[in-house]
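A.B. asks: Quick one: the structure is below, questions incoming.
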Amino acid sequence: MRVAILAPSHPHLLDLAVELDGLGHDIEFLSLLPKSDVVAAGLPERCYRRVAPWVSPMVGAQRLLKGTRFGDRAHQARDETIDLTASRLLHECDAVIAHAGTALRTIEAAKRKFGAKTYLECGRRHIIAHRELLEAGRRVTGEDRRRSSASALRREVAEYELADTIVVPSETALRSFRERGFDDKFLLHNPYGAGLAEFSASPQPAATARKRIVTSGSWSLRFGSDIVANAWRALRATIDVELVHIGTVDDVPLPTEPGFIHHEETNLRALADHYARADVFCMGARFEGLAPRMARALATGLRVVCSDRAGGDELRGYVTQEDAISTAPTGDVDALRQALSEALNAKPVAKPGKLRELLGPAREQLSWRAYASRYHEHFVS
C-alpha cells in the first residue's frame, strides 16, 4: 500500500515509517525532521519529504515564544501551518497516518482526493477527558499556565469525527473514547514499542552502596516531576540514592541537592546507556496514558515504578517477573517513595554482569516491528 505519514515532531512515527517500509509498503514521510536524522534512523531517502521550507517562520516563532503567554497559540499556529502544507504536498496514497492536533486538513485532502483510509494517532485520552484531568491537576498544583484554546479542542474533535480509525496506545485512552460514544470498529489499540536494537537487555550492575533512579522526558508538572523529586528526597533519609533526569526542563525547578543529575535530551544510544547504569526507572505522570520510555526501560532490564495513570499496569503482560512494575496512586509522594524503596531493595534481576532480561519471549511484541505489524494487519482487514 501507498502510506503517507505526517510526523512533524513525533519520533515514534519515524520508527513506524521504517518498519512499514520494511514490510513492503510504499512510504511518504512528511516531517520537520532533518533528512540526515530520517536516513540515519533507517528510512530510505526516497521516502522523505521535508515540510520545513514552507513552515520555517512558524517553527521559529513557536520556539521564540515557548514559555510565554503566547506560546500555546504559537504552537497551535505552527501545527495548523504544517497541516495545511502537508495537505497540499500529499501525493496519491491509499492510507494516511497523522497525529491528533496536526491532521485535519491532511485527512480531508486524503479522503477527498484519493479516497484514502485515514488513521489518527492519539497518544492520550480523548481531548475532553484529557482537559478534565488538566483542570483537576491545576486545582491540585496551583498551575496557572494558559489552557489550550477552544479552537484547538474543536479542531481535534473534528479530526476524531473525520478519521476512519483512531489509534491509541493504552486501554485507558481506549476507554475514554468508548465513554464518548466511539464504537470499537473506529478504534485501534496499538501499544507503543521500543527500539530493541538500542534498548537491549543490559548487564546487571555490580552491587554498590549507592543506588540510581533514572527518569526521562520533560521535567514538568504534567510528568509529575515534582512528585518524583519529593519521593526521592524522602527516600534519601534511608537509602543512598541518586536521581538522574534526561530531557528538557519545563515548569518544575530542578532539584539543587547533591545526588541529582540532569542531562539534556540526547540520542537513543546515549539514553540507553543511562538506563543501563541505573537500578530503577521512575515516571510520576499526572496525565499521560502509555509512554514509549517505560517500554524502553523494561527492554533494558530496569524495574519500573510509576503513577497509576502512567500506564505501567498495561505492560505487566510482557514481563517475566511480577515485581518488574510497581504503581502508586497519582500524586501520592509517600506511596511513590515506598514503591521506589521496595524496587531498589528487591532481589537483583540477574547476577552481576549477567543480562537483565525482563521481557523474555514477549520481547518482540514490544518492538516497533510489532507496532507496524498491527497497522499492516488493519490495512488488509
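Laboratory data are not the source of any read-out in this text; all were calculated from the coordinates shown. Quantities reported herein were computed from a predicted structural model and do not represent experimental measurements. Backbone-built Cβ (ideal geometry, glycine too); neighbour counts: all protein chains shown.
A.B. asks: Distance cut-off 31 Å, Cα to Cα: go down the list Lys35/Lys111; Lys35/Lys354; Lys35/Lys113; Lys35/Lys185 and report the pairs above it. Provide the component values of the computation, followed by the final result.
C.D. replies: Working: Lys35/Lys111 28 Å; Lys35/Lys354 38 Å; Lys35/Lys113 27 Å; Lys35/Lys185 36 Å.
Beyond 31 Å between Cα atoms: Lys35/Lys354; Lys35/Lys185.
A.B. asks: In addition: Show that you can apply the helix-only estimate: for the chain, add -39,500 (n - 2.57) for every DSSP H stretch of four or more residues, divide by all residues, and state [θ] at 222 nm to the nearest 500. Can you show the working numbers first?
C.D. replies: Details: 13 runs with 148 residues, N = 381.
Counting only the DSSP helices, I get -12000 deg cm²/dmol.
A.B. asks: Of the listed peptides 6-19, 150-163, what is their order by residue-averaged count of other C-beta atoms within 10 Å, with the highest listed first? Please report the intermediate quantities before stating the final value.
C.D. replies: On the way: 6-19: 22.4, 150-163: 16.4.
With the highest mean Cβ count within 10 Å placed first, the list reads 6-19, 150-163.
A.B. asks: Taking just the C-alpha trace of segment 153-194, give me its Rg and Dmax in Å.
C.D. replies: Taking only Cα atoms of segment 153-194, I get Rg and Dmax of 10.5, 32 Å.
A.B. asks: Mind giving me the nanometre distance, one decimal, between the label points for Glu132 and Lys347, set 7 Å out from Cα along Cα→Cβ?
C.D. replies: Going from the Glu132 label point to the Lys347 one covers 4.3 nm.
A.B. asks: Residues with amide H under 5 Å of Ser326's amide H, sequence separation 5 or more or different chain, H placed in the peptide plane at 1.01 Å from N; which?
C.D. replies: Val304, Val305, Cys306
A.B. asks: Still on this structure, please answer the following. Report, as a whole number in µm² per second, the diffusion coefficient that Stokes-Einstein gives for segment 211-360 at 4 °C and 1.567 mPa s using the Kirkwood radius over alpha carbon pairs.
C.D. replies: Values: Rh = 15.0 Å.
Rounded, D is 86 µm²/s.
A.B. asks: If you fit an axis through the alpha-carbon atoms of helix 11-22 and take the longest principal axis of the Cα set of the chain, what angle between them do you get, 0 to 90°, nearest 10?
C.D. replies: It works out to around 70 degrees.
A.B. asks: Right, next: Compute the convex hull volume of the Cα atoms of the chain, divide it by the residue count, and report the result per residue in Å³ as a whole number.
C.D. replies: On the way: hull volume 51.4 nm³, N = 381.
Hull volume normalised by residue count: 135 Å³.
A.B. asks: Now for a different question. Calculate the dipole size of segment 183-325 relative to its Cα centre from +1 charges on Lys and Arg beta carbons and -1 charges on Asp and Glu beta carbons; express the result in debye to the nearest 20. Can you show the working numbers first?
C.D. replies: Details: 15 positive and 19 negative charges, 61 e Å.
With Lys and Arg at +1 and Asp and Glu at -1, about 300 debye.
A.B. asks: For Lys351, give me every one of the lysines with a C-alpha distance below 22 angstrom, ignoring sequence neighbours fewer than eight places off in its own chain.
C.D. replies: Those lysines meeting the cut-off are Lys211.
A.B. asks: Please compute the volume of the convex hull spanned by the alpha-carbon atoms of segment 282-333 and report it per residue in Å³. Walk me through the intermediate numbers first.
C.D. replies: Working: hull volume 3.4 nm³, N = 52.
Normalising the Cα hull of segment 282-333 by residue number yields 65 Å³.
A.B. asks: Run through every distinct alpha carbon pair of segment 283-373 and return the Kirkwood hydrodynamic radius in angstroms, one decimal place. Each step should come with its number before you reach the end.
C.D. replies: Values: mean 1/r = 0.0733 Å⁻¹.
It is 13.6 Å.
A.B. asks: What nm value, rounded to one decimal, do you get for the distance between Arg46 and Asp251 when each label is placed 7 Å out toward the C-beta?
C.D. replies: About 4.6 nm, to one decimal.
A.B. asks: Which order do Ser367, Ser149, Ser216 fall in if you start with the one that has the fewest other Cβ atoms within 10 Å? Walk me through the numbers on the way to the answer.
C.D. replies: Details: Ser367 20, Ser149 12, Ser216 24.
Fewest to most other Cβ atoms nearby, the residues stand as Ser149, Ser367, Ser216.
A.B. asks: Moving on to the next point. Along segment 90-98, what does the Karplus equation 6.51 cos²θ - 1.76 cosθ + 1.60 (θ = phi - 60°) give for ³J(HN,Hα), rounded to whole Hz, x for Gly and Pro?
C.D. replies: Karplus values, whole Hz, x for Gly and Pro: 4, 8, 4, 8, 9, 8, 10, 10, 9.
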